[in-house]
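These notes concern the structure reproduced below.
Nothing in this text is a laboratory measurement; each read-out follows from the coordinates by a stated rule. For clarity, every value in this text was computed on a predicted model and none was experimentally measured. Reconstructed Cβ throughout: ideal geometry from the backbone, glycine too, with neighbour counts over all protein chains shown.
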Amino acid sequence: MELQYPRRIALARTPTPLQYLERASARWGCGHRLWVKRDDLTGCTLSGNKVRKLEFITAHAIDHGYDTLITCGGLQSNHCRATAFAGAQLGLAVHLLLRGDEPDQADGNLLLDHLAGATVSCYPKRQYVAEVEALFRQWQQHYDGLGRKALAIPTGGSDGIGAWGYIAACEELAADLGANQIERAHIVTASGSGGTQAGLTLGVALHRLPATVWGVNVCDDAQYFLDKVAADAADWRRRYPQVPELEIHANVLDGHVGAGYGVADEAVFGLIAELAALEGLVLDPVYTGKAFNGMLAEIAAGRFAGCTDIVFMHTGGIFGLFPQRSGFTAW
Ligand SMILES: *Cc1c(COP(=O)(O)O)cnc(C)c1O
């Protein structure tokens, strides 16, 4: 099958390694082999899963005459930080609409947003939730009035364009499985805006990988992500009508959100510290720490019985660790 990709700009350092976690497998694998796809290594400041989506989104922006990128997220959004650096590297202006009151001191991703020269507008949570769509339109009109053209990128870069990032990543995963003689695998990823899961789910079907994709939701619930994956897939098909007909099935591992988005409990902080010392692999409390913790709980409960290999997508997020330093009570 000949898959016609839209143009992309090479922003990510790929292929990323697939790494075997020998000691983590022994400690938590219950007989499974645990692997990690190192998408935290797609770059340094321009890093994590969002870079793969931005390769296609920025090409779309440039090819359609946009000179400015507007996107949105939490104060510590990895997606916003990655967009800020993608813009700076490509000479595009970036305007970030952030959820929450501007703190006295910028830390983590927010500090990096400023360093990358992004314009940052912070909105109180209630206003953001109620008005973010209107704010996008308002700022687009503002730039329009200046004779500029601003592209509105949705939360997480998750739409039919961004989906290509993880559709393409599945070609890497196919090679990774082959190179390591992995005959079947479960692929587990954190799901926040659903785009990574949508891309992987489409990509596994398109490239016929012998794999099942699971999203561990870090907010909302299973139904939300089933709907979101379907919506992203529908947007993808609408934008690229020539793509092959596909039947996709999304899988969500719900029950690991804890107290809410961005709020991790002691077990997650403990796991982050334990894994860092055991394997030299650093997770974050918002996405990957929760997802890895959830994956271990599902392994222990026998969810993946009958399949040896489990691939955890390390989607990045290290800068979100520093503003949550107080979660590590030992130091
Ligand atoms: C955004 C993000 C995710 C979730 O990806 P989505 O495509 O938004 O579901 C997971 N991990 C990290 C570190 C992220 O920044």
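Return the residues of region 135-155 that are closer than 28 Å to ASN49 by Cβ and surrounded by fewer than 16 Cβ atoms within 10 Å (Cβ to Cβ); say none if nothing qualifies.
Residues of region 135-155 closer than 28 Å to ASN49 by Cβ: 135-137, 139-140, 143, 149-155.
If the condition is that a residue be closer than 28 Å to ASN49 by Cβ and surrounded by fewer than 16 Cβ atoms within 10 Å (Cβ to Cβ), then ARG137, LYS149 are the ones that fit.
Taking the stated definitions as given, is ALA291 within 16 Å of the ligand (Cβ to nearest atom), part of a helix (DSSP H, G or I), in contact with a strand residue (DSSP E or B) (Cβ under 6 Å, 6 or more places away or on another chain) and of a type in the set (A, V, I, L, M)?
Numbers: within 16 Å of the ligand (Cβ to nearest atom): yes; part of a helix (DSSP H, G or I): yes; in contact with a strand residue (DSSP E or B) (Cβ under 6 Å, 6 or more places away or on another chain): yes; of a type in the set (A, V, I, L, M): yes.
Yes, satisfied.
I need the full set of residues from region 283-309 which are surrounded by 17 or more Cβ atoms within 10 Å (Cβ to Cβ) and either under 22 Å from GLN76 (Cβ atoms) or of a type in the set (S, T, N, Q) (or both), in order please.
Answer for region 283-309, where residues must be surrounded by 17 or more Cβ atoms within 10 Å (Cβ to Cβ) and either under 22 Å from GLN76 (Cβ atoms) or of a type in the set (S, T, N, Q) (or both): LEU283, ASP284, PRO285, VAL286, TYR287, THR288, GLY289, LYS290, ALA291, PHE292, ASN293, GLY294.
Residues being over 14 Å from LYS37 (Cβ atoms) and within 11 Å of the ligand (Cβ to nearest atom): count how many of those fall in region 198-223. It would help to see each step written out before you state the result.
Of region 198-223, the ones over 14 Å from LYS37 (Cβ atoms) are 198, 201-202, 205-208, 210, 212, 215-223.
Subsequent filtering for residues that are within 11 Å of the ligand (Cβ to nearest atom) retains 198, 215-220.
Going through region 198-223 one residue at a time, the tally reaches 7.
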